[in-house]
Structure formats: structure tokens, C-alpha cells
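One structure is given here, and the rest of the page talks about it.
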Amino acid sequence: RVKIICNDTFPHVDLDEDLGKDPELRTRRTRVKFFLAVLQMLWSDPAIRKGTIKQCLEDQLHNINFIVLQYITVFSVNHVFRNPKHDEALPIDERVNWLYGFIVIQVLCLGVLHIMDYMNLVWSVGGPCRAKIQKALLRRFMYYDMESRTNTNTSDLVMAITRDASGLCHGYMAAMKLLQALGGIIAIVVYKMSAPFMFGKVQSLLELRWISFTPFLGFPLFLVMYMYCRLDYTILCLEEKEEATKRLMNYCKSAVECFPLVSDYQKRQQFVDGLDEPVGAWNGADKAYKKANLHNSYFPEWLVLFFICYWYFSYGQKVILGTLGL
């Protein structure tokens, strides 16, 4: 008697039809569905879910620290280090007390972040995620039928467990970082809206310069549009690199398995020279992927520089002339 434990599609049974239509996951829609299914599978694990919630909350502490430091910086410039000749300047004793208070606050903030970042390493998320995916892949292989197991390349199985499982785990961690980035945008908007009221610049929401919020709304929009246009090319470069890695690994595997035959026919050096082709292919694919990734990483910096230059051009002169305050 044979007990069938599971014959569902990995990572979710509802993806069986999608896998039948697109077994190589070529379309963007299929890739997104499979990635979301992997996230759902990992989130369903109680230990991973608990660690994920803790890490997401800890990430938001950095955004709170950003708001606190911005308030300290602005208050220091406007009041603590203000020229005493101005009528609005605080008394010297009060300014010194504020200075000591800011020192204590910044030391406490950095200490809390240091401790919580250390605790972040204890709340295991990456390890359990990777182990869950690796065990699922190996379990699937162990319950293949004879024909499927025979047609499976051992190099593919090894690469899936060692490399691809880590890649999926990094994707899950990247989704957590996305939440941190969204929290950062919210923190900046909260600061921009609350700072004028805290420092007495405005009395109502109608007095706010809403045009200054444009970069915080436009930056994510432009970034999403850019990544949408670059997604297919970046994935293509990554897939070519992975395919080159697989060919290199298969060549080394064949060298081990066919060594007696190569030795008998005295083709050792010829076999060694044959490694130049897969190594060259991997180097080319790796270089192409690094170039694509370099352009992707520089686009946000160019975008930030564009908004800064726009502010200098539009409002910098007004600040210099004194018609607009910082």
C-alpha cells in the first residue's frame, strides 16, 4: 500500500493551471502570482510570521528616529544656535539646557537602535524561510515517480536547494524592506506636515506649501515606472547568468563522472581547455547583469538629484533674498 502525502503544485495548489500554461514562468503575470504564493506560504508559518512582525516593527524605529533627528536639527538651527542679537533667541541658560537634552536624546535613540538591531538578528526569519523552501524542494524530489526522478538533473536539484532557495528567501526579506521604505515615506510626509505647526510657521493646513510635497509623491511613482520598464531586461540578465552557472556546473560534473574515460583516451588537457567556453559565458553573463543592476541602483540617485536641483532653481533664490524661510 502506498500513501500519497501530497501531489499539489508548489507552492500552492491553485497555481496548477498557471503552471500548465506557462511551465517556464515566462510571463510577468505568472511570475507575480508564484512570488505572491511563496510569500503567502512563508507567512503561513507561525514562527516566520512572528519574526516578520517583530522585524517590521523594528524597522519602523529607524523611521521614527529620522523624525526625531529632523526635529532636533531644525530646532537647533532656529533656536539653540541662533544669533543672540535676534529678539526671538532663547536665553543662554535655556539654550544650554536644550543642548544637553539633545545630546541625551540622540544617545538614547542610537542605543535603542543598536539594541533592537541586535535583537533583530535573534528573531530568525531568513533561516526558517530558507529551511522551509529547501525542505519543500527536497520533499518534492523524494516523492517523484521513477521517470521524473530519472529525468531530473542532479545539478538542477542542488542549485535549486542551495542558490534558488536563498533567492526566494531574499525576495521575502525584500518585501519587508519595502514596508520599511513605505514607512519612511509616511514619516517624511508626517514631518513635513507637522513641522510648520510645531515651529509656529503656519496656523492652518491651508497655509502649507503643498507644492513641496510633490517630490515625496513623485519619487515613488517615477521609481515604480522605471522598474516596470526595466523589469523584463533585468530578469533576462539574471536568467542568463543562472543558465551560464548551470552549464558551468554541469561541465564540472561531467569532468568528475567521465574522468576514467577522459583519462583512458588521454584527453585531460583537452577537457581542461574546454572549460574556457562555459567560464567565458558565465563571465559575460555576470558582467551584463552587473551593468543592468548598476543602472538600476543609480536611477534613484539621479532622481533625487533632479528634485534637489529643481528646488535650488525654484526656491533657492527666494531663500537667499529672504522672501522664503527654510
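Are there any chymotrypsin sites (Phe, Trp or Tyr not before Pro) in the stretch 203-265 that are in a DSSP loop and have at most 12 other Cβ atoms within 10 Å? List them by number. The qualifying sites are Tyr265. Gain on full extension, evaluated as 0.36 nm per residue between Leu19 and Val122 minus their Cα-Cα distance, stands at 33.4 nm. Does anyone have the angle between helix 214-257 and the longest principal axis of the chain? Alpha-carbon axes, 0 to 90°, nearest 10? For helix 214-257, the angle is close to 30 degrees. Assuming charge only on the beta carbon of Lys and Arg (+1) and of Asp and Glu (-1), the dipole of the chain about its Cα centre is about 280 debye to the nearest 20. Placing R0 at 35 angstrom, the Cβ-Cβ distance between Leu294 and Thr27 gives a FRET efficiency of 0.85 after rounding to 0.05.
Counted residue by residue at 0.36 nm each, then reduced by the alpha carbon distance between them, the extension gain from Trp210 to Phe313 reaches 35.3 nm.
Simple point charges give the picture: +1 on the Cβ of Lys and Arg, -1 on the Cβ of Asp and Glu, and for the stretch 107-257 a dipole about the Cα centre of about 340 debye. The trypsin sites (Lys or Arg not before Pro) of the stretch 84-174 that DSSP puts in a loop, and whose beta carbon has at most 10 other beta carbons within 10 Å, are Lys85. With θ taken as phi - 60° and the Karplus curve 6.51 cos²θ - 1.76 cosθ + 1.60 applied, the whole-hertz 3J(HN,Hα) list for the stretch 90-102 is 6, x, 4, 4, 5, 5, 5, 5, 4, 4, 4, x, 5 Hz, x standing for glycine and proline. Measuring r between the beta carbons of Leu303 and His79 and using R0 = 35 Å, the FRET efficiency lands at 0.55. Of the solvent-accessible surface of the stretch 13-134, computed with a 1.4 Å probe over protein heavy atoms with every protein chain present, carbon and sulfur atoms account for 65 percent. Per residue, the chain exposes 70 Å² of accessible surface when a 1.4 Å probe is rolled over the protein heavy atoms with every protein chain present. Find me the longest stretch of the chain that has none of the exposed GluC sites (Glu not before Pro), where exposed means in a DSSP loop (not H, G, I, E or B) with at most 16 other Cβ atoms within 10 Å. Longest site-free region, per DSSP loop and neighbour criteria: 89-326. Its Kirkwood hydrodynamic radius, worked out from the mean inverse distance over all distinct Cα pairs, puts the chain at 25.4 Å.
Across the cross-link table entries Lys21/Lys50; Lys50/Lys132; Lys21/Lys253; Lys132/Lys291; Lys177/Lys291; Lys33/Lys287, which are compared at the Cα atoms, the separations over 25 Å belong to Lys21/Lys50; Lys21/Lys253; Lys132/Lys291; Lys33/Lys287. Label sites at Leu236 and Met142, each approximated as a point 7 angstrom past Cα along Cα to Cβ, lie 4.1 nm apart. Segment Leu261..Met176, full-extension length gain: 25.5 nm, with 0.36 nm per residue of separation and the alpha-carbon distance subtracted.
The values are calculated or read from the model by the stated rules, or taken from the named source; none is laboratory data. This is a predicted model, so every value here is computed, not measured. When we count neighbours, we look across all protein chains shown, and the Cβ atoms used for this are built from the backbone with ideal geometry, even at glycine. Remember, those area values only see protein heavy atoms, side chains included, never the ligands or the DNA or RNA. Shrake-Rupley method; radii C 1.70, N 1.55, O 1.52, S 1.80 Å.
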